[in-house]
Amino acid sequence: MATEAQTAHSTGLPRQPHPDPPTPDSGARASGGTAWTWFLAAGLFALYAVVSVRLHQRVRTTGFDLGIVEQAVRGFASGGAPIVEVEGPDANLLGDHFSPAYAALAPLYRVFPSPVTILLAQAFLLAIAVVPIARYAQQVLGRSAAVVVGLGYGLSWGIAEAVGFDAHEVMFAVPLMAGSVVALAERRLRAAVLWALPLLLVKEDLGLTVAAVGALVAWFGARRLGLATVVGGLAGTAVEVFWLLPANTPAGTFSAWWGSHRRSDDSGGLDAHLERVTVGLFEHEPKVVLLILLVAPTAMVALRSPLLLLVLPTLAWRLTSDNALYWGTSYHYSAVLMPVVFVAFVDGLRRLRAHQGPARIPEALAISAVVTALLVPAHPLWSAVRPSTWTADPRAADARAVLAPIPDDAQVQASNRLVPQLTSRAAVSVFGSPLSRANPEWIAVDRSDPVNWPFDSLADQEEFTELAREMGYGVVLERGEFVLLRRSTDDPRQFPPPPEPVPAPAEAG
């Protein structure tokens, strides 16, 4: 058996501890066990599950993205490719985002084929990430501080926004990132790499984060291991973006993620591109708000930790994108940053204590708790205590009644919010989308849907519904704000007629 020194030498790990290792305070060891972290995770799971499942039950989820995710998982569960009808006939998810990690949900989905299964899996994965974060906080600062940090992560706006908007591949990245950044904080450098590497199977841009982990590993002393991880992360993203993603699209084109970083015209030239990656990073208000809210829940103390550098790859591609929805705090894009921020908070508090003594620790924790509490009502987790969440919703009952006549395995176009109500049992795409399969047998329309892509307005959607009637679709059932149509003639014309190209919803991804 190799000795510790031989193992360290062979992997590039340092023979001696890093000169600035994490050390627990005098009260941390006496603060008891960490079983409570599992109870905290269970409570967060219940909260996340309630919020996301109730949104689905109240017809507040969407085809972009819950419908896409379920169709991908359904494809894996059937033993085939992750075909997503919402993105086009025979569209392969792996040509849009390289997320084979969804296959991990296939066994569970085979037993419980429902979008609720996916929402519960996401709730579990986001909640379980609190365990390593809170345990590390207790090791370094004691239980009271760990409770503040654990709740800070669990109630953070980044996690709340992910819970409140369908389901996404980031559900896998969050616990992996938590494991990796905690291992880095504890100078378990090999473990940090092992936690980070599976990120390559979650989404194509996360190879950049793997490379950032490798850079810190090298900085903390394991140079060969760190440099190998940097190369592996960059190579992984390059292979996925330039080879695997194009290989899974009919046109052999780059992914949507890559495309959002190329201007539609080059009239701005080099100066415009330089502006995007310099002052352009901060010239828009949503970008500034995002950067402030990242560190405000940590009383700015996270800025003291080099671990915070792990947020840079994700921020870089978001803030340099032409897609304005990447710039702000909405949707799921910031969830993967939350473990980094709160572990950096703990590491920053440790450094603060070492340089200025323990007196400022309670102050920083109090500020963190107050900021977290003030932000919760502004984000989706607050819906768990809103009376409207729990009152009977006649709109949802109408939607289910209108969709009930549609047989299993039927070909359907449906309004965006109706899509995930059907994806477990039908081949469904978005009504009126240029990506949708032509001449479906059934059309289900929500005439008040505020998420009415691809239409510019509800009036445009109503005109398109009338066109369907003119082309042989008869009304089967009307209930409240919903109408169900069925093709009653073999009209030789294609429905929908080929439209002008309309970009997919920007928040999808």
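The values are calculated or read from the model by the stated rules, or taken from the named source; none is laboratory data. Because the structure is predicted, anything quoted here is derived from the model rather than measured. Every residue, glycine among them, receives a Cβ derived from its backbone with ideal geometry; neighbour counts consider all protein chains shown. Accessible surface areas use protein heavy atoms only, side chains included; no ligands, DNA or RNA. Shrake-Rupley method; radii C 1.70, N 1.55, O 1.52, S 1.80 Å.
At a glance:
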{"item": "The lone exception for F64 - which of (1) under 24 Å from K203 (Cα atoms); (2) open to solvent by less than 30 Å² (accessible area, probe 1.4 Å); (3) at pLDDT 95 or above; (4) not in a loop (DSSP other than H, G, I, E, B) it fails", "result": "(3)"}
{"item": "Hits in region 453-473 (condition: among the small types (G, A, S), over 28 Å from the mean Cα position of the chain (by Cα) and part of a loop (DSSP other than H, G, I, E, B))", "result": "G472"}
{"item": "Residue check for A251: modelled with pLDDT under 95 and either open to solvent by 30 Å² or more (accessible area, probe 1.4 Å) or under 22 Å from V84 (Cβ atoms) (or both)", "result": "yes"}
{"item": "Members of region 78-120 that are without any contact (Cβ under 8 Å) to a residue 12 or more places away in the chain and β-branched (V, I, T)", "result": "V111"}
{"item": "Flag for V86 being crowded, with 23+ Cβ neighbours inside 10 Å, touching a Pro at 6+ places or on another chain (Cβ under 9 Å) and part of a helix (DSSP H, G or I)", "result": "no"}
{"item": "Enumeration of residues in region 121-148 that are aliphatic (A, V, I, L, M) and farther than 18 Å from L176 by Cα", "result": "V140, L141, A145, A146, V147, V148"}
{"item": "Region 95-142 - residue that is open to solvent by less than 10 Å² (accessible area, probe 1.4 Å) and of a type in the set (S, T, N, Q) and, of those, farthest from G33 (Cα to Cα)", "result": "S99"}
{"item": "From P297, P286, residue being in contact with a helix residue (DSSP H, G or I) (Cβ under 8 Å, 6 or more places away or on another chain), modelled with pLDDT under 95, part of a helix (DSSP H, G or I) and over 23 Å from A215 (Cβ atoms)", "result": "P286"}
{"item": "Of the criteria (1) among the charged types (D, E, K, R); (2) open to solvent by less than 10 Å² (accessible area, probe 1.4 Å); (3) closer than 15 Å to V336 by Cα, which one E169 fails", "result": "(2)"}
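A quick yes/no check of all residues on (1) in contact (Cβ under 8 Å) with a residue 12 or more places away in the chain; (2) part of a helix (DSSP H, G or I); (3) not charged (D, E, K, R):
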position	(1), (2), (3)
G328	yes, no, yes
M338	yes, yes, yes
F342	yes, yes, yes
F345	yes, yes, yes
R351	yes, yes, no
